[in-house]
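As structure tokens, the structure follows; a few thoughts come after it.
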């Protein structure tokens, strides 16, 4: 059986990898915006799941960041400050479908990656303080 600590570290490794993917893809002249947004959402999702594991909180298999945020807020009310989480929800599933092309051009991908990085750092500070 995997210890909580090693599982948290595994989630952090995956989250960090998603953020690194975002940063690398942004360096291209013609970055794939939908892929970057997907990985930004994934980085936050994995960080939230690591936090919940650190708190021994059960969560269902989901990509719903708002649901994960609500669970985290039960342990630390400051998770309520993370307003950017709500807008990232669409980047998990909806972005994979052609209909997303209509609103994709309106997204500031650099801003989303900065927000994902901010949220992950916020979460890791709380995981590391355990």
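The values are calculated or read from the model by the stated rules, or taken from the named source; none is laboratory data. Because the structure is a prediction, the values reported are computed rather than measured. Neighbour counts run over all protein chains shown; Cβ positions are idealised from the backbone, glycine included.
On the given criteria, is residue 7 more than 14 Å from the chain's Cα centre (by Cα) and within 17 Å of residue 95 (Cβ to Cβ)?
No, not satisfied.
How many residues are more than 17 Å from residue 92 (Cα to Cα) and part of a helix (DSSP H, G or I) if we restrict to the range 42-55?
Within the range 42-55, the subset more than 17 Å from residue 92 (Cα to Cα) is 50-55.
Okay, now just the ones that are also part of a helix (DSSP H, G or I), so 50-54.
The qualifying residues number 5.
Is there a residue in the range 98-105 that is assigned to a helix (DSSP H, G or I), under 18 Å from residue 31 (Cα atoms) and touching a residue at least 60 places away in the same chain (Cβ under 8 Å)? Don't jump to the end; show me each part of the working.
Here is the first cut: in the range 98-105, the ones assigned to a helix (DSSP H, G or I) are 98-104.
After this cut, where a residue has to be under 18 Å from residue 31 (Cα atoms) as well, the list is 98, 100-104.
From the residues that got through so far, the ones that are touching a residue at least 60 places away in the same chain (Cβ under 8 Å) too are 100, 104.
Within the range 98-105, one or more residues are assigned to a helix (DSSP H, G or I), under 18 Å from residue 31 (Cα atoms) and touching a residue at least 60 places away in the same chain (Cβ under 8 Å).
Does any residue of the range 104-115 turn out to be over 19 Å from residue 42 (Cα atoms) and more than 17 Å from the chain's Cα centre (by Cα)?
Yes, because at least one residue in the range 104-115 is over 19 Å from residue 42 (Cα atoms) and more than 17 Å from the chain's Cα centre (by Cα).
Take the residues of the range 10-26 that are surrounded by 14 or more Cβ atoms within 10 Å (Cβ to Cβ) and farther than 21 Å from residue 85 by Cα: which is farthest from the chain's Cα centre (by Cα)?
Out of the qualifying residues, it is 25.
What are the pairs with Cβ atoms under 8 angstrom where one residue, in the range 1-22, is touching a residue at least 12 places away in the same chain (Cβ under 8 Å) and the other, located anywhere, is exposed (fewer than 13 other Cβ atoms within 10 Å of the Cβ)? Sequence gap at least six, or different chains.
Partner pairs satisfying both residue conditions: 4/56.
For the structure I just gave you, tell me whether residue 123 is within 20 Å of residue 34 (Cα to Cα) and either surrounded by 15 or more Cβ atoms within 10 Å (Cβ to Cβ) or free of Cβ contacts under 8 Å to residues at least 12 places away in the same chain (or both).
No.
Going through 75, 63, 58 one at a time, which residue ends up being in a loop (DSSP other than H, G, I, E, B), under 21 Å from residue 127 (Cα atoms) and within 15 Å of the chain's Cα centre (by Cα)?
The conditions single out 63.
Table: residues versus (1) loosely packed, with under 13 Cβ neighbours inside 10 Å; (2) over 17 Å from residue 7 (Cα atoms).
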| position | (1), (2) |
| --- | --- |
| 54 | no, no |
| 62 | yes, yes |
| 67 | no, yes |
| 91 | no, yes |
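What residue, of 29, 80, is at pLDDT 90 or above, more than 26 Å from residue 10 (Cβ to Cβ) and more than 16 Å from the chain's Cα centre (by Cα)?
29
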